[in-house]
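Report on the following structure.
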Amino acid sequence: MPEVRWLGPALSDLEEIKAFYEEKEEGLGARLAGEILGIERVLSELPNVGRISKNLKPEHRELIRGPHLIVYRVDSEAVKIIAVIDSRRNFMTAWRSKKR
């Protein structure tokens with residue numbers, strides 16, 4: 001099974017999501033972050049489970065978890081999670097908002 005790694009921008013996305021939802025309801029941010037983190041097990045067992053990205057290079061894959069789109073790529077070293085984006089946002093605007 002390949003290792004799953006969270007890259008810096010994806011961890012930053014996750015922290016922002018957690019903080020945003022935590023302001024809405026205590027405990028909600030932590031619960032959603034936990035659900036998103038749970039994707040690690042799926043990706044370690046089925047690294048190519050996500051669809052090929054329509055917006056990025058073909059090596060990028062996307063997986064939906066609730067309202068969030070998890071963007072990742074698989075290489076010889078690991079499954080690398082690159083971003084967690086609210087799927088209700090314009091994808092390219094959200095993608096370009098951080099150096100990835």
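The values are calculated or read from the model by the stated rules, or taken from the named source; none is laboratory data. Bear in mind the structure is a predicted one, so any value in this text is a computation, not a measurement. So basically every Cβ, Gly included, is an ideal-geometry build from the backbone, and we count neighbours across all protein chains shown.
Quick one: in the stretch 37-53, which of the residues that are among the small types (Gly, Ala, Ser) and buried (at least 18 other Cβ atoms within 10 Å of the Cβ) is modelled with the highest pLDDT? Filtering the stretch 37-53 for residues that are among the small types (Gly, Ala, Ser) and buried (at least 18 other Cβ atoms within 10 Å of the Cβ), the one modelled with the highest pLDDT comes out as GLY50.
Within the stretch 53-75, being out of contact with any Lys or Arg (no Cβ under 6 Å at 6 or more places or on another chain) and outside any loop (DSSP other than H, G, I, E, B) holds for ARG61, LEU63, ILE64, ARG65, HIS68, LEU69, ILE70, VAL71, VAL74. Would you be able to say whether some residue in the stretch 9-20 is part of a loop (DSSP other than H, G, I, E, B), among the polar types (S, T, N, Q) and either modelled with pLDDT of 95 or more or closer than 24 Å to THR93 by Cβ (or both)? No, because not a single residue in the stretch 9-20 is part of a loop (DSSP other than H, G, I, E, B), among the polar types (S, T, N, Q) and either modelled with pLDDT of 95 or more or closer than 24 Å to THR93 by Cβ (or both). Looking across the stretch 54-70 at every residue that is touching an Asp or Glu at 6+ places or on another chain (Cβ under 7 Å) and free of Cβ contacts under 8 Å to residues at least 24 places away in the same chain, the one that is surrounded by the fewest Cβ atoms within 10 Å (Cβ to Cβ) is identified as PRO67.
Of all residues in the stretch 4-24, those that are closer than 13 Å to HIS68 by Cα have Cβ atoms under 9 Å from Cβ atoms of residues that are among the hydroxyl-bearing types (Ser, Thr, Tyr), 6 or more apart or on another chain, in ALA10/TYR72. Given the criteria without any contact (Cβ under 8 Å) to a residue 40 or more places away in the chain, basic (Lys, Arg) and either surrounded by 18 or more Cβ atoms within 10 Å (Cβ to Cβ) or in contact with a Pro (Cβ under 7 Å, 6 or more places away or on another chain) (or both), does ARG73 qualify? It is true that ARG73 is without any contact (Cβ under 8 Å) to a residue 40 or more places away in the chain, basic (Lys, Arg) and either surrounded by 18 or more Cβ atoms within 10 Å (Cβ to Cβ) or in contact with a Pro (Cβ under 7 Å, 6 or more places away or on another chain) (or both). Among the residues making up the stretch 76-100, those that are surrounded by 13 or more Cβ atoms within 10 Å (Cβ to Cβ) and in a loop (DSSP other than H, G, I, E, B) are SER87, ARG89, SER97, LYS98, ARG100.
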